[in-house]
Every structure is written in C-alpha cells, then in structure tokens.
Amino acid sequence: MFFKTPIFKKGEIPKHDVYVNGPNSYNFLNPNSSKLPNWLPVLTIKKPRKIVGGESTHILVWYGNNQLELHHSTLGIKKYELENEQIKDIITGAQLYLILTKSGRVYSLTDKYTYHENPLSHPEQSTFQKPRLCDLLTDLNLFVESIAMSYCSNFYLCKGGLLYGSGFASSGRLGVDKQTNQHKPLLVAKNVTKVFSGAHGLGLFYITNDNKLFTSGRNDDGKLGLDTQGKHIKTPVQVKKLPCDVSDIKIIQTGQHHSILLTKQGKVYASGTSNVVATSDKKSEFNLISALKDKIIVKLAMGEYHQLLISNENELYGWGFRNAPSNEYDSWKIPRKIKFPNLTSTALNTVDMFCGSRITVIYSNLNNNLSQDFKKFFENGKFTDCVLGNGIKCNKSILQFRTNNTKIETIQEIMKEKTKEEINSFLKWIYYDEIVDLELLENILKSLQLSIDLEENSLNKDLLKLYNDQDSTDFNILVKDDDDDEEEEEETYEEIPVHKIILCVRSGLFREMFENLNENQTTNSVKDYSGKSIESLEILIKYFYTDKIELTADNDPVLVIEELEDSIEYYQLNADSNLKHQLNKLKIQYKLN
C-alpha cells in the first residue's frame, strides 16, 4: 500500500509525510540509508493519523479508524485491525503500547518479555502478535475516556471522573503509597477532569473538577513544581504555586529532570533543572521560558531529555539536555529555531510530533481528515452510479473530478480488461489517494492520456479546484435571509451552491438525507434549519472541500467560532475532525476564552 519509490520532479527535494531523528538503531525505518542523518525520511509510512515510538527497535502507527501498523527492527511491518472497535488514541511509555477505543476499552501491545505494567490477567501471554484486551480494566466495569503513561506506569481516566493507575508504583509515580508492581488497576483519585504525564517523567499530574492541580512521583530538582526536601511525592499533593489559573492549562509533560506547562494562550513554563533560561531561578516553580516569552506555542512534544514545540507562526523550536537524539539541537540549553523537515505540509493542523527516550518523529497528516472521510465513503459502497468492470461500482462525480473530467465511457473501456484487484487499486487512489501499485496506476493514467503529477495532484488540490468550479455545482443549501421582513407573507432564502457528493462524504446529516430518498425522488436544494448565519455556513462549506477554516476581516470571529462549534454535532461531522483544533487555534489568535 506504499510508494515503491519517492515521486518528485527532477531537481526538486522530495517531500515525505514522516521524518525520524535518532540513533542508528532506527535505520530499520529506512533500510536504504546506511547512516542516520538529521530528519531521515520514512518511505514506508504515508498519511499517518498518529505515531508513537517505543524503545529503539520499534514504532507504532495509527492510520485512522481501527488500523494499526507496527514497524519493528526484526519483525518487519506487522498490521493489526481491531474487529468491532474504533480506535480513539494510542500512547506508549517505552515498550508497552496502550490502545484506547471509543467503546471505553483499552488494549495492550508489547513484547512478551515486557509485561510488568500490563493490566492483563496473564500479562506474560502478551506479545506483538496482536493487541490484547486489558481484562483487568473491564473486570472493574470501567469505561476509560483518556489514558496517559509514564515509564512503566499507566493512568486511566474513567467515566465519572475516576482515575485509576497500574504498573510500577515506586517513588509515588503511580499516585499511591506502594512500592510493588500493580497489575490490577488501583483507584488514585476521584472527581478528575484531566490527567497528564510523560513517557519518561516518572510523575503524574491531574486536574480535579474544583479547578485544582495535583501531582505525585519523583520530584528531582523540583520538576513537579513543588519545593520539597525529599525527592519523592508518594501520594498526590496540590500544586499551589502556578503562573496561571488551572483552567488555563492546556497540557503538562514531564521529562527526566524537568516539566513543561503549556497554557491555552500559548505561553510555556518550565520547572526542574534550570538548563532552560527562565524568568526566575526557582527550579521548584513553573517559570516562564524567557526565550519564548514573545511566542504563541500551540504544540508540544516532550521526551526524556529533549522537546519540540511549534508556534502559531509555523516555527519549530527544540532543545535537549543530554543524550538528545539529534546533533541538530544536542546539549542546547535554550530553545532554538529548527528548520522543518521537508514535509508534504507544514500547516499547523497537519503537523504532529513525538519525542521519546532517543527518538524524534515529526509527521504530516495532510489529507488526513479528508482522506478518512473519503475512505469511509468508498468502503460504504453506497452512492455508486456506474460500473467500471467485473461488477465493481463507483461514483461518477468523484471519478470525473479526479481525472480532469475524462469521459466515463473512456475510463470504462480501459477498465474492462482489468482484474478486480487492479480496479480496486485504481479506485483507492481515486477516492483517497492511496497508491497500492505505482506502476499500475501510472500505466492506467497513461492509457487515459492523463498527464497527472501524483505528487502535485492530491485529493486536497483536486477538491480545491472543485470548490472553485461553481459552474459544476448541482445542489443548493437554502438559508433564511437575515434581512427578511417578518411581516412579509413569504420567507426569502439565500442560496449556497455546493456539490452533492461533497455533502454526502463530509456530513452524516446530508448523507442520511440522500440515503433516505426514494429511487424516484430527486432534489437539488434543501432548507437549512440549523439556525446558523449564512456567514458561518459559507465558511463551513469551504471547510468541507479544503479541511481549513479561513476567516476574513469581514467575519465576526466570535459568532463564527461559536456557530461552527455547534455545527460539528448538528451536521454529524467526523468525530475526529480537525475542525475543533482549528477553532481552538482561532480562539488563541483572537484571544477568546
């Protein structure tokens, strides 16, 4: 399902979705390289949803829905698919991977020799062969809503605000005053709303519903924000000296000797080892990092001794204390700007990062939400209106805008001699950009006399062309005119032109509406009863095509943000949509709570 070779124009530097930085033991991610330079491209991973790295021999990739892929130095690439489950998140603490599903269950994936913190009845049976359901959590009838991990310690925030932990308990890093390993999850706290940790921090932070921050674990050099004589906090205590209100905390991450606090306003504070130049010398308090005081930071990834941050101006910063995986910022004691690797996109909503013990991964999930929706639409098998061959059906609209309006009859003629596998391979690129067989795809495009640059003509760009092609729209959303005089007998509506296929792919509400039409029913318009302004709806419609929210000087940001937040549920958008992320970014930009 991957490129055989990179695709790029002569003389250009190729772009890739994933880059890795770490010791030479990570060469298994790109066996063509005998030496690991800064930002080595990973050719075998395309459009990941999320990547986390364990020890220096493996990483786990989530492609969306319930598909996972383990890249292992000796096992190669292993693929997994959780039956009857939808993945919500994946995390790691070193060698153990935890997989949270939308049904509130947790699965583990690990080597059979690494089971000390695995919440299974028989952890020794756990292997990389398949994800195993953490039955000790289900036995307690726990619905897990979010997960966090420290090194060999796991935390499960459950429905009702109950926080449980399992794994190594020494030094208070599990939030309980015990020293022995705890396979069976123990209750740590109640009335918890958020939980934070770090893959190598040996500590725990959590926020309660009365707006208080608590912590426990190893407090080396005051990294937990506490001024204590001892190094270990065996049971959670409140952190009272904070630079902001608890409700303003976006995330806290812990490393080996320091912690970083990022606020919703984009300010960055550090506690612990004072290698980071801050506005205060008090290591046991969270102090503003002076080198970033004029920056708005929107993303943070923290490892054992190093970290990466991204600003709202698409600037990448990093620094490391020791054993940093990259000589690009090895032993830096203050944040410095780092050149972005040549990602397929460096847009804020498409870039994510992972920092581990001795690995850094930075990746672009360009097309991620769009391709997810189109992939679901393809697999759904509905809204097909033509047959390509061997009984395989597809949608004419998608077929045409991806092939520069090539006649359907021409495509059918080329496809009638192809096997089912070859046709499906072609359709996977048509619907969601997946290239199964590069040579086959190139030959088909050549047969259709199409000169398509596979790097340039992505689904995103084709959809943008479709959005700008107003002459080809076939549907109208009717929005009540805000200036309509209530005394008039007939209501007047403004029209928002759109392509019906886009509504089907992107919105569950419209998809159900079109599915419920009888065979003899046709409609080219619908009245919108959401109560949203035409201003917000026009921005939302453009988002359907581009996966981006763009405001102009004429837009009211308060109104638009509020109405678009409500639109996610009303229009039944993808629950994993990056719309929420973009709206949060706009709130920071316009300084809205």
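A short reminder: the numbers here are calculations on the coordinates, not readings from a lab. Fair warning: this is a prediction, and the values are worked out from it, not measured in the lab. Cβ atoms come from the backbone with ideal geometry, glycine included; neighbour counts cover every protein chain shown.
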### Task
With θ set to phi - 60°, apply the Karplus curve 6.51 cos²θ - 1.76 cosθ + 1.60 along segment 129-135 and write out the HN-Hα couplings as whole Hz, x wherever there is a Gly or Pro.
5, 6, x, 10, 5, 6, 5
## Note on the structure
Here the convex hull volume per residue of the chain, taken over Cα atoms and given in Å³, is 179
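Which value in Å is the Kirkwood Rh of segment 521-590 over different Cα pairs? Kindly include the intermediate steps, with their values, before the conclusion.
On the way: mean 1/r = 0.0778 Å⁻¹.
About 12.9 Å for segment 521-590.
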### Query
For Phe340, Phe155, what's the fewest-to-most ordering of other Cβ within 10 Å of each Cβ?
Phe340, Phe155
### Task
Place a +1 charge on the Cβ of each Lys and Arg in segment 370-468 and a -1 charge on the Cβ of each Asp and Glu, then give the dipole magnitude about the Cα centre in debye, rounded to the nearest 20.
460
### Summary
Row for segment 370-468, column shape: gyration tensor on C-alpha, a ≥ b ≥ c, rounded if a/c < 1.5 i.e. under 1.5, prolate if a/b over b/c, else oblate; value rounded
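Restricting to DSSP H runs of at least four residues, report the calculated mean residue ellipticity at 222 nm for the chain, -39500 (n - 2.57) per run over all residues, nearest 500 deg cm²/dmol. Kindly include the intermediate steps, with their values, before the conclusion.
Working: 12 runs with 119 residues, N = 593.
Estimated from H runs of four or more residues: -6000 deg cm²/dmol.
Within 10 Å, at most 11 other Cβ atoms, and a DSSP state outside H, G, I, E, B define an exposed site. Report the longest part of the chain free of exposed GluC sites (Glu not before Pro). All intermediate terms of the calculation are to be shown ahead of the outcome.
Working: sites that count: Glu12, Glu83, Glu313, Glu417, Glu456, Glu486, Glu487, Glu488, Glu489, Glu490, Glu519, Glu550.
Free of exposed loop sites, the longest segment is 84-312.
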#### Entry: Dipole of the chain [Lys/Arg +1, Asp/Glu -1 at C-beta], most positive-end residue of Val188, Ser530, Asn342
Val188
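Can you sort Thr419, Thr406 so the residue with the fewest Cβ neighbours within 10 Å comes first? Display every interim value, and only then the final one.
On the way: Thr419 11, Thr406 16.
In increasing order of surrounding Cβ atoms, one gets Thr419, Thr406.
When the dipole is taken about the Cα centre of the chain, and only Lys, Arg (+1) and Asp, Glu (-1) are charged at their Cβ, what size is it in debye, to the nearest 20?
Approximately 3900 debye in magnitude.
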### Task
Pick out, from Tyr97, Tyr80, Leu137, the residue whose Cα sits farthest towards the positive end of the charge dipole of segment 63-167, with +1 on the Cβ of Lys and Arg and -1 on the Cβ of Asp and Glu.
Tyr80
#### Entry: ³J(HN,Hα) computed for each position of segment 55-60 - Karplus, 6.51 cos²θ - 1.76 cosθ + 1.60, integer Hz, glycine/proline x
6, 6, 10, 6, 9, 10
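Over segment 370-468, calculate the relative contact order: mean separation of alpha carbon pairs under 8 Å at least 6 apart, over the residue count, as a percent.
Taking the mean separation of contacting Cα pairs over the length of segment 370-468, I get 28 percent.
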### Query
Dividing the Cα radius of gyration by the Kirkwood radius, what Rg/Rh value follows for segment 414-468?
0.98
#### Entry: Set of segment 388-422 residues, backbone N closer than 17 Å to the point 7 Å along the Cα-Cβ line of Asp469
395-412
### Burial ordering of Val526, Val298, Val239, fewest other beta-carbon atoms within 10 Å first
Val526, Val239, Val298
